[in-house]
1. For labels at residue 130 and residue 112 in the simple 7 Å Cα→Cβ model, what's the distance in nm?
2. So for 10, 117, 20, what's the accessible-area order with a 1.4 Å probe, most first?
3. Using a 1.4 angstrom probe, figure out how much accessible area segment 48-87 has per residue, in square angstrom, rounded to the nearest whole.
4. May I ask you to give the percent of accessible area on segment 36-129 that is carbon plus sulfur, with a probe radius of 1.4 Å?
5. Suppose accessible area is computed on protein heavy atoms with a 1.4 Å probe; arrange 91, 108 from highest to lowest.
Amino acid sequence: ANGERVSVYSSTPLIGTSLSATAIAIRTMTAATGYLRLSGAISNYAGNASFSVAGITVNAASATLTPGSLVVANGVIVVVAGSFDTSTNQLVATSVTGYSSGSIPVELHGTITNFVSVANFRVRGTLVDASAATFSDGTRIVEPLSASR
């Protein structure tokens with residue numbers, strides 16, 4: 001129904017703006033506690049202490065902004081992270097990272113298939129080029145990993 005928060009899973013890649021779902025999980029945040037990360041365009045901006053992302057109220061009054069020159073405002077595409085406060089029903093952000101409309105971050109989880117090289121493999125049917133990817137420790141893939149690793 002409208003307003004439901006869901007996770008949608010697909011075994012096929014996105015075609016244009018259409019995704020064929022193979023499973024849908026309805027999510028609730030009323031009992032959520034702990035770490036939460038959301039991404040999307042800011043709406044309902046009334047100041048850094050009150051705006052919305054993906055329909056969730058965010059308080060980023062004490063958050064670290066990246067880049068440091070980030071201007072938080074309606075329409076700015078961000079990833080916000082912090083803890084969800086069930087008593088106020090809002091995300092208390094510890095970080096807000098801004099992105100230009102051409103560089104929206106995407107996560108893809110699944111099993112690698114059709115591996116040709118680091119620059120040519122598929123995950124859940126989606127073609128991936130990881131030749132410029134870095135790991136969280138800062139290292140880069142410079143050659144395919146051998147089967148013995």
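The values are calculated or read from the model by the stated rules, or taken from the named source; none is laboratory data. The shown structure was predicted, so the numbers you read here are calculated from the model rather than taken from an experiment. Backbone-built Cβ (ideal geometry, glycine too); neighbour counts: all protein chains shown. Accessible surface is based on the protein model in full, side chains and every heavy atom, while ligands, DNA and RNA are left aside. Shrake-Rupley method; radii C 1.70, N 1.55, O 1.52, S 1.80 Å.
1. 0.5
2. 20, 117, 10
3. Per residue, segment 48-87 has 44 Å² of solvent-accessible surface.
4. 53
5. Heavy-atom accessible area, descending, gives 108, 91.
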